[in-house]
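Asker: My questions all concern the structure below.
The values are calculated or read from the model by the stated rules, or taken from the named source; none is laboratory data. Remember, predicted model here, so these are calculated numbers, not experimental data. Neighbour counts run over all protein chains shown; Cβ positions are idealised from the backbone, glycine included.
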Amino acid sequence: MERIYDFSLFLEAKAPTVGVEREAKKIIGEMFAFAKNMKFSGDQNGEPEFIEFEVDENDYKLGYDEELKMEYSENVLKKRKYQVSLKFKSKSKEGTEEKPIYKIKFKIKLKVSSDIKFDKKEVELAWGFENKPTGVIKFIKDGKQKCEWDSSSNRLYILKSAYDKLATDQLRILLRKAGAEKIRV
């Protein structure tokens, strides 16, 4: 018996959107409670220039002064061609009073990922103490890492990269025993 397969449904299915369109949809999904009927238009370097979509009344009433974008680390952006952001362009109300349709249009702004500069400043951790934590300082120095004790404020400073190289579970126990209070730097 001969089997006949129908691949027409498979061929008609759209491939998932990638790149700029996918990023724009991700931003909209994060920022809006409801968004449907997304339409891309325009052309900028082979990518869409605008996106227009329907929103609910609450999102329609809001003001959009800031650019909408997702925050990514340097390593994630290195894998992408562009950093995508959305800049408010216009909004309109269509339909009838009984069934209004609220539409918002954003300009899609593209910034080449290789042009994005990241602050290479090292993150610093700090703890406050009542007395100088000599046991903690000794443990850090025995681990061949640097730390700084500020006797005027009774604070201990260490770079996050140095902290990560130590046995952090053991260090946490020592900090707790010394009465450390974590301080935001």
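Asker: Among the residues of the range 118-137, is there at least one that is in contact with a Leu (Cβ under 6 Å, 6 or more places away or on another chain), surrounded by 13 or more Cβ atoms within 10 Å (Cβ to Cβ) and of a type in the set (A, V, I, L, M)?
Answerer: yes
Asker: From the residues in the range 166-185 that are small (Gly, Ala, Ser) and closer than 14 Å to LYS138 by Cα, which one is modelled with the lowest pLDDT?
Answerer: ALA167
Asker: Let me ask something additional. If you scan the range 136-179, which residues turn out to be assigned to a strand (DSSP E or B), of a type outside the set (Lys, Arg), over 10 Å from LEU125 (Cβ atoms) and in contact (Cβ under 8 Å) with a residue 12 or more places away in the chain?
Answerer: The answer is TRP149, and nothing else.
Asker: Moving on. Going through the range 30-71 one residue at a time, which ones are within 12 Å of LEU86 (Cβ to Cβ) and not in a strand (DSSP E or B)?
Answerer: The answer is GLU30, MET31, PHE32, PRO48, GLU49, TYR64, GLU66, GLU67, MET70.
Asker: Restrict the check to the range 153-170 and report whether at least one residue is more than 32 Å from the chain's Cα centre (by Cα) and outside the structural domain of LYS81 (by TED's automatic domain parsing).
Answerer: yes
Asker: Select from the range 61-79 the residues that are touching a residue at least 40 places away in the same chain (Cβ under 8 Å) and surrounded by fewer than 17 Cβ atoms within 10 Å (Cβ to Cβ) and write down the one among them that is farthest from ILE104 (Cα to Cα).
Answerer: Within the range 61-79, the match that is farthest from ILE104 (Cα to Cα) is GLU74.
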